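Note sheet for the following structure.
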Amino acid sequence: MKPEKKQILKRLFFSTLYLSTFTFGGGYVIVSLLKKKFVDEYHWIDEEEMLDLVAIAQASPGSVAVNGAIVVGYKLAGIPGIAASVLGSILPPMVIITVISAFYTAFSANVYVAALLRGMRAGVTAVIASVVFDMGRSIVKTRDWINITVMILSFFISCYFQINTIWIILAALLFGIVRTLFSKRRNTL
């Protein structure tokens, strides 16, 4: 690997690590700080390109902060850039959540904390239901019967067969890859 690329990967990692560690307010705040760092400070990409990358990050499923780090990392250094920027983005929240979870048992025995956690569980359930509804609605709007079938099958397999969700996601990912490759192959013939 060229020394120049190593330097970019190092800066990419430490920039996203810093932003993820010290930024509060969610993914949209981090995206604006990514712009400040990579457009204004380092001049690695221009402002119009950053807007395109942010649009891609917002349109993709998942955390906007991580998606933003992925698209910027890919633009700057390809696959190694993705690895460096994602690692920098997810390391701080992962450490913080690990520390909090270590104290979860001690706190959950407290009557007030237990009541707070039960209330939060209800709120989280409502947020998840809202996201599922919005995502399901957008899939139905595409009128792609294969995607609709995958969505319905995934729901029933998860609910009635108690299969771990990660296996369902991996199966859907594999199916999507095969479908995309088949579609591309068919279009080139």
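The values are calculated or read from the model by the stated rules, or taken from the named source; none is laboratory data. Worth saying up front: this structure is predicted, and the values here are computed from it rather than measured. Here the Cβ is made from the backbone with ideal geometry for all residues, glycine too, and neighbour counts use every protein chain on show. Note: areas computed on protein heavy atoms with side chains; ligands, DNA, RNA excluded. Shrake-Rupley method; radii C 1.70, N 1.55, O 1.52, S 1.80 Å.
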Of the residues in the stretch 90-110, those that are under 30 Å from Phe155 (Cα atoms) and touching a residue at least 12 places away in the same chain (Cβ under 8 Å) number 2
Output yes when any residue across the stretch 118-131 is at pLDDT 90 or above, open to solvent by 60 Å² or more (accessible area, probe 1.4 Å) and within 19 Å of the chain's Cα centre (by Cα), and no when none is.
no
With the structure loaded, tell me whether Asp144 is modelled with pLDDT of 80 or more and not aliphatic (A, V, I, L, M) or whether it fails that test.
yes
Have a look at Ala77, Ala57, Ala65 and point out the one that is at pLDDT 80 or above, part of a helix (DSSP H, G or I) and crowded, with 19+ Cβ neighbours inside 10 Å.
Ala77
Of (1) open to solvent by less than 60 Å² (accessible area, probe 1.4 Å); (2) of a type in the set (Val, Ile, Thr); (3) at pLDDT 85 or above, Val113 satisfies every one except (3)
Selection over the stretch 159-169 where residues are assigned to a helix (DSSP H, G or I) and either basic (Lys, Arg) or more than 15 Å from Asn147 (Cα to Cα) (or both) yields a count of 6
For the stretch 133-189: of the residues being among the basic types (Lys, Arg) and open to solvent by 100 Å² or more (accessible area, probe 1.4 Å), which is nearest to the chain's Cα centre (by Cα)?
Arg137
Please go through the stretch 89-103 and pick out each residue that is buried (at least 17 other Cβ atoms within 10 Å of the Cβ) and under 13 Å from the mean Cα position of the chain (by Cα).
Ser89, Ile90
Cβ-Cβ under 6 Å, sequence separation 6+ or interchain: first residue in the stretch 111-139 and without any contact (Cβ under 8 Å) to a residue 40 or more places away in the chain and part of a helix (DSSP H, G or I), partner of a type outside the set (A, V, I, L, M, F, W, C) and open to solvent by less than 80 Å² (accessible area, probe 1.4 Å). Which pairs?
Ala114/Ser108; Ile139/Asn147
